[in-house]
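K.L.:
Have a look at the structure that comes next, please.
The values are calculated or read from the model by the stated rules, or taken from the named source; none is laboratory data. These numbers were taken from a predicted model, which means no experiment stands behind them. All accessible areas refer to the heavy atoms of the entire protein, side chains included, with ligands and DNA or RNA removed. Shrake-Rupley method; radii C 1.70, N 1.55, O 1.52, S 1.80 Å.
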Amino acid sequence: MRLAILDGLRLGVVLRDEVADVTGALPWTHDDDPLTAGWWRALCRDLDLVRPALAQAAEDPSVPRIALADARLRAPAVNPSKIVAAASNYAGHVAEMHQVQRRTLGRIEPWMMEFDVFLKAPSSICGPEEYISLPAQQAAAEIHHEAELVAIVGKGGRRIPAPQALSRIVGYTIGLDITVRGEGDRSRRKSYDTFSPLGPWLVTSDEAGEPSDMDIELVCNGALRQQVSTRDMLVPVSEIVAYASTIMTLLPGDVIFTGAPPGVGVIRPGDKLRVRISRLGEMEVGVR
Ligand code: MN
């Protein structure tokens, strides 16, 4: 099932080239204020219980449908408690970061070459129809795209064993982890408003299939920049989830970026970034 967030934070089920507005089938009071929209996190936690009603509503001829082309889709993540992101999770990206750091820092930071997780501000999330807004920055710094597979936490938990980890994920979406390269704290450099585009929808785990077998591709202004299989992750999604949950309780609706493939590069105003991930779809975001 493909779940989309529509204008007014309404819930859509994506069918071929239409979106059915299934908000009325939710068992919770709908709230269009992102600050209090707990229904989204409840949906991530309890999708198994709610799914039959959503599937039925999506087929109901009396439920409103909008052409996908006319729908203004929002990020499929509403006010998550946190964005967890994996660092240094593809060997090819770790290798290219030596060059990038020499250029933007004038030195290599060995601790940044090791796998770990860090946090991004949830307020950096933007939708697939929005633009990445570039901040003013220091002269040596560059702002880069990182096209990533993103997991959305379902039931979540603390100290989740790796073999159970994927069952705590409700689904997957496409993400861009936009990053200022240069001096300063990593969380700050990745947390500017609009630095976490997500979309175009959430594909539930059953339909998305194995997260260890997806192709990620990023095209910037028509030129292929990033292309990788998630098979090449140094730490697979199940172990990222397990590791993160030894540090912090993963709550329903939390967002997990799974790491940058090689091919990160500079973005400039006017650029168009198109990211494709197998079985998830395609998202295009502009830069200004
Ligand atoms: Mn990243």
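K.L.:
Give the percent of DSSP beta bridges with both residues in the chain that are antiparallel, rounded to the nearest 5. Provide the component values of the computation, followed by the final result.
P.N.:
Working: 57 of 64 bridges.
Once the DSSP bridges in the chain are tallied, antiparallel ones form about 90 percent.
K.L.:
Of Glu148, Glu59, Glu284, which has the most accessible area with a 1.4 Å probe, and how do the rest follow in descending order? Let's see the in-between values first.
P.N.:
Details: Glu148 0, Glu59 125, Glu284 90 Å².
Final ranking, largest accessible area leading: Glu59, Glu284, Glu148.
K.L.:
Could you report the accessible area of Tyr131 in Å², rounded to 10, computed with a 1.4 Å probe on the protein chains as they sit in the structure?
P.N.:
90 Å²
K.L.:
Another one. Output wanted: per-residue J couplings in Hz (rounded whole) for the stretch 262-277, from phi through Karplus 6.51 cos²θ - 1.76 cosθ + 1.60, θ = phi - 60°, x for Gly and Pro.
P.N.:
Computed from phi, the couplings for the stretch 262-277 are x, x, 4, x, 6, 10, 9, x, x, 5, 10, 9, 10, 10, 10, 9 Hz.
K.L.:
Ignoring everything except DSSP H segments at least 4 long, calculate the 222 nm mean residue ellipticity for the chain; use -39,500 (n - 2.57) per segment, divide by total residues, nearest 500.
P.N.:
My calculation for the chain gives -6000 deg cm²/dmol from helical runs alone.
K.L.:
A further question follows. Quick check: Cα centre of the stretch 2-54 to Cα centre of the stretch 179-230, how many Å?
P.N.:
Result: 23 Å between the Cα centres.
K.L.:
Could you look at the chain and say what percent of its accessible area is carbon and sulfur, using a 1.4 Å probe and all protein chains? Don't jump to the answer; show the numbers that get you there.
P.N.:
Working: 6050 of 11870 Å².
Answer for the chain: carbon and sulfur cover 51 percent of the accessible area.
K.L.:
Right, here's the next one. With Kirkwood's inverse mean 1/r over C-alpha pairs for Rh, give me the Rg to Rh ratio of the chain, two decimals please.
P.N.:
Values: Rg = 18.3 Å, Rh = 19.0 Å.
With Rg and the Kirkwood Rh in hand, the quotient comes to 0.96.
K.L.:
How far is helix 91-104 tilted, in degrees, relative to the longest principal axis of the Cα atoms in the chain, given as a value from 0 to 90 rounded to the nearest 10?
P.N.:
60 degrees
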